[in-house]
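Q: This is the structure, below, for whatever I ask next.
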Amino acid sequence: MRVLVAGATGAVGRQLVPRLEAAGHEVVGLSRRGPNPVDVLDAGAVHRTVAEAAPDAVVHQLTDLGAADGSANNRVRVEGTRNLVDAARAAGVGRIVAQSISWAYAPGDAPADESVPLDPTEEVPRSRIVAGVRALESAVAELPEAVVLRYGILYGPGTWYAPGGAVAAALAGDPAARFLGSTAADDGVSSFVHVADAAEAAVRALAWPSGAYNVVDDEPASGHTWLPVLAEALGVPAPARSEGRVPWARGAVNARARALGWAPAHPSWRTGFADRDPGRPG
């Protein structure tokens, strides 16, 4: 299969491209970086790139997280996805796999499966985040074969949670550290996924039925549980425990993706945080 990877130089993209090639696919990359950069917000450029690539499928891994600017990332989710879907349709591409997130679900006490609706909140900034996710997933669903991968919090090489990354700096007390997330050791529950496992899911998703899938590890956990483990792995101080949680911080379950044969090589952040293997295919 000829696959266009949008976001080929990102944290997931760098893991994804060699996996696709190892699986026998021909890969064309689309990225803001590299020898032939393409701005996903430039509709004309995206249309030309997709038309020239003539892919059988598109894998959408685009984000704009370098400056930890939520508005910029949301613009990619909304406008960038719109441009990519329109370009795919114009080029006769029917299949798309797209990156979404697993913490946009409505509030609840237990980890969410895919039957839980997205959060209807009107409170900002969360309402803007969820609106961006909803726009992305709705646009992708316009294509005949559309798979949405709702990733957990990404950790591993190239992420904010990697050694020397923004989270390590924040835990060490650097006031200049910037990332979109929390270092509160509270009762809020998160689900994680290693970037290598996220990439493996994207490869497999090329053959999955249309729909949304949580791509998370096997152990949703509260902040006061996972943050000390992360701090130890990063060699920085752990934050003091705090109480309470926001109602939507519930984590997610991966049963649907597991039923189709995907299983995380890093089933828990407990061992994954300390793993220095970049997770590339052999």
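The values are calculated or read from the model by the stated rules, or taken from the named source; none is laboratory data. Since this is a predicted model, take the numbers as computed values, not measurements. As a convention, Cβ positions derive from the backbone with ideal geometry for all residues, glycine included, and neighbour counts pool all protein chains shown. The area values use the complete protein model at the heavy-atom level, side chains included, leaving out ligands, DNA and RNA. Shrake-Rupley method; radii C 1.70, N 1.55, O 1.52, S 1.80 Å.
Q: Condition first: free of Cβ contacts under 8 Å to residues at least 12 places away in the same chain, over 20 Å from Gly156 (Cβ atoms) and assigned to a helix (DSSP H, G or I). Now tell me which residues in the range 1-45 satisfy that.
A: Scanning the range 1-45 gives Gly44, Ala45.
Q: How many residues are of a type outside the set (A, V, I, L, M), closer than 23 Å to Ala146 by Cβ and part of a helix (DSSP H, G or I) when one looks only at the range 49-80?
A: 8
Q: While we're looking at this one, here's another question. With the requirement that a residue be open to solvent by less than 70 Å² (accessible area, probe 1.4 Å) and among the β-branched types (Val, Ile, Thr), what does the range 114-128 give you?
A: Result: Val116, Thr121.
Q: May I ask you to list the residues in the range 13-48 that are over 15 Å from Gly80 (Cβ atoms) and of a type in the set (A, V, I, L, M, F, W, C)?
A: Those that are over 15 Å from Gly80 (Cβ atoms) and of a type in the set (A, V, I, L, M, F, W, C): Leu16, Val17, Leu20, Ala22, Ala23, Val27, Val28.
Q: Next question, about the same structure. For the structure I just gave you, tell me whether Glu137 is charged (D, E, K, R) and part of a helix (DSSP H, G or I). Explain how you work it out, then say what you get.
A: Working: charged (D, E, K, R): yes; part of a helix (DSSP H, G or I): yes.
For Glu137, the condition - charged (D, E, K, R) and part of a helix (DSSP H, G or I) - is met.
Q: Just checking, which of Asp86, Asp56 is modelled with pLDDT of 95 or more, among the acidic types (Asp, Glu), under 21 Å from Glu26 (Cβ atoms) and surrounded by fewer than 23 Cβ atoms within 10 Å (Cβ to Cβ)?
A: Unique residue meeting the criteria: Asp56.
Q: Any idea which residue in the range 1-27 is surrounded by the fewest Cβ atoms within 10 Å (Cβ to Cβ), counting only those that are over 17 Å from the mean Cα position of the chain (by Cα) and among the hydrophobic types (A, V, I, L, M, F, W, C)?
A: Only one residue fits best here, namely Ala22.
Q: Considering only the range 91-113, how many residues are surrounded by 18 or more Cβ atoms within 10 Å (Cβ to Cβ) and under 18 Å from the mean Cα position of the chain (by Cα)?
A: The qualifying residues number 12.
Q: Would you say Arg48 is without any contact (Cβ under 8 Å) to a residue 12 or more places away in the chain and open to solvent by 50 Å² or more (accessible area, probe 1.4 Å)?
A: Against the criterion (without any contact (Cβ under 8 Å) to a residue 12 or more places away in the chain and open to solvent by 50 Å² or more (accessible area, probe 1.4 Å)), Arg48 qualifies.
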